[in-house]
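Each remark here refers to the structure printed beneath this line.
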Amino acid sequence: MLHIGEISICRINDSDYWVDPGGPFGLVPRALWSRVFPVTDDHLVKMSSNVLLVRTGGMNILVDTGYGSKMPEKQRAILRLSRPAGDLTDGLARVGLKPEDIHLVIDTHLHADHASGNTRYDESGRIVPVFPNAEYVVQRREYEDAMRPNERTRATYLLENYAPLVESGQMRLLDGDTDLAPGVRGVVTPGHTPGHMSVVFSSGGHYGVQLCDMATYAVHFERLGWMTAYDVEPLVTLETKRRWQKWALDYDATLFFPHDPYRPAGKLTHDAEGKLMVEPLDTTLLDV
Ligand SMILES: [Zn+2]
């Protein structure tokens, strides 16, 4: 467990899976990215679902919920999805928490790899919340886009992950930057999607931010021009990153990356040649 002032944070890896590098690296030539990121012999790169468990002010908070349990077997096989340490619920159990103990779920956005773990099928096949006592929050703009998926976004915007929660009143829609818990603030960071949200932590003069898909891997935060093919507004991502790179340096902030299996957290600094780099944090501090 890692501390930012009074706030404690740990990573629960909900799953590992493998994707075509064209997704996370987009237009970046393979000759460049393959120098800094491992690739398998059959041309796949690894992604993790780095869910954060945040504890502050007596509240247990999740930032995103990963792929959850509803994925069809065929898609699991395509992604080679594996859970060497179990899923999000198993991770919570390792720190003595049940799904009922979660007070707040912050959905950074509603893509399937972040929000599918919001809901599950019950014994009779109905969709029910995984976290029955939690309030869920997401930006209203993200919800509106997710309710009207188009030909490019409909594979990832799956209504069963969020629509029932809004209909039942369990999910609150946010209009812009919002304080969510002591020292925890949701901030709109557009680019990956227009309503994409990052989560800022501040306590006792210490700072951190779950950048989420503003920087899918740590390397995306080191290089302004590198962004994923999943971003719907890549040039907006670039300007958002520019602002938050400066913020990260100014506040010496601990940074969290949603899909990086190798550097899930770190700090932005300069290398010997003066180039920006993410100094990784020891994951044994972070993981449960
Ligand atoms: Zn993602």
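Some observations on this one:
- Residue tally, condition among the aromatic types (Phe, Trp, Tyr), closer than 20 Å to residue 107 by Cα and open to solvent by less than 10 Å² (accessible area, probe 1.4 Å), over the range 213-249: 1
- The range 52-91 - residue that is assigned to a helix (DSSP H, G or I), over 17 Å from the mean Cα position of the chain (by Cα) and of a type in the set (A, V, I, L, M) and, of those, farthest from residue 176 (Cα to Cα): 77
- Enumeration of residues in the range 97-121 that are under 12 Å from residue 165 (Cβ atoms), within 11 Å of the ligand (Cβ to nearest atom) and in a helix (DSSP H, G or I): 115
- When residue 68 is tested against (1) open to solvent by 20 Å² or more (accessible area, probe 1.4 Å); (2) in contact with a Ser or Thr (Cβ under 9 Å, 6 or more places away or on another chain); (3) in contact (Cβ under 8 Å) with a residue 40 or more places away in the chain, exactly one condition is not met: (1).
- Looking only at the range 122-154, residues that are assigned to a loop (DSSP other than H, G, I, E, B) and under 21 Å from residue 187 (Cα atoms) come to 1 in all.
- Qualifying position, being within 16 Å of the ligand (Cβ to nearest atom), in contact (Cβ under 8 Å) with a residue 12 or more places away in the chain, open to solvent by less than 10 Å² (accessible area, probe 1.4 Å) and not polar (S, T, N, Q), among 79, 52: 52
The values are calculated or read from the model by the stated rules, or taken from the named source; none is laboratory data. Not measured: the values here are computed from a predicted model. Note that we place each Cβ from the backbone using ideal geometry, even for glycine, and neighbour counts take in every protein chain shown. Calculation scope for accessible area: heavy atoms of the full protein, side chains included, ligands and nucleic acids excluded. Shrake-Rupley method; radii C 1.70, N 1.55, O 1.52, S 1.80 Å.
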